[in-house]
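Structure first, then comments.
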Amino acid sequence: MDNPHLYVGMPGQKAPKQEGFSAIKRRRLRLAQPLSPDQEKALGDALLAMMGIRSISIDGDSIVIAYDLLQATAEQVEERLAEIGVRLGEGWTERLRRAFVHYEEECEVGNLEVHEGKHVHRHPG
């Protein structure tokens, strides 16, 4: 399990998940090419099977996805896309934007974890 201290607290400190906290993110991902209707259905089914996915909208070469950062990350979504053979846009601006999102989410998740002797930082979801 990644980031166990999002789920398991410390003595005297509840973890964010134990307190019912969520951090809903909405991201747009650009695909290398539009999907066929069958590919759209397969992609939708695969993503909705992931824990934490709230909604998916596919329009041509664009996917808009909402997810709970305490249960899924953009990087995990992208890994699932690769597993089912869906390629993301390869332009340098798209790759840079995705790398920034990964870094931003990693920092946010780290700040949400319960650490011994430290207070949990809360960000509105």
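The values are calculated or read from the model by the stated rules, or taken from the named source; none is laboratory data. If you're wondering where the values come from, they're calculated on a predicted model, not measured in any experiment. When we count neighbours, we look across all protein chains shown, and the Cβ atoms used for this are built from the backbone with ideal geometry, even at glycine.
A few comments on the model shown:
- For segment 86-103, residues that are surrounded by 15 or more Cβ atoms within 10 Å (Cβ to Cβ) and free of Cβ contacts under 8 Å to residues at least 24 places away in the same chain total 1.
- Selected residue (criterion: farthest from Lys25 (Cα to Cα)) from residues of segment 57-85 that are aliphatic (A, V, I, L, M) and either at pLDDT below 90 or surrounded by fewer than 17 Cβ atoms within 10 Å (Cβ to Cβ) (or both): Ile84
- Within segment 45-56, being surrounded by fewer than 18 Cβ atoms within 10 Å (Cβ to Cβ) and either touching a residue at least 60 places away in the same chain (Cβ under 8 Å) or closer than 14 Å to Arg26 by Cα (or both) holds for Arg54, Ser55.
- Scanning segment 36-54 for residues that are touching a helix residue (DSSP H, G or I) at 6+ places or on another chain (Cβ under 7 Å) and either at pLDDT below 90 or not in a helix (DSSP H, G or I) (or both) gives Met50, Ile53.
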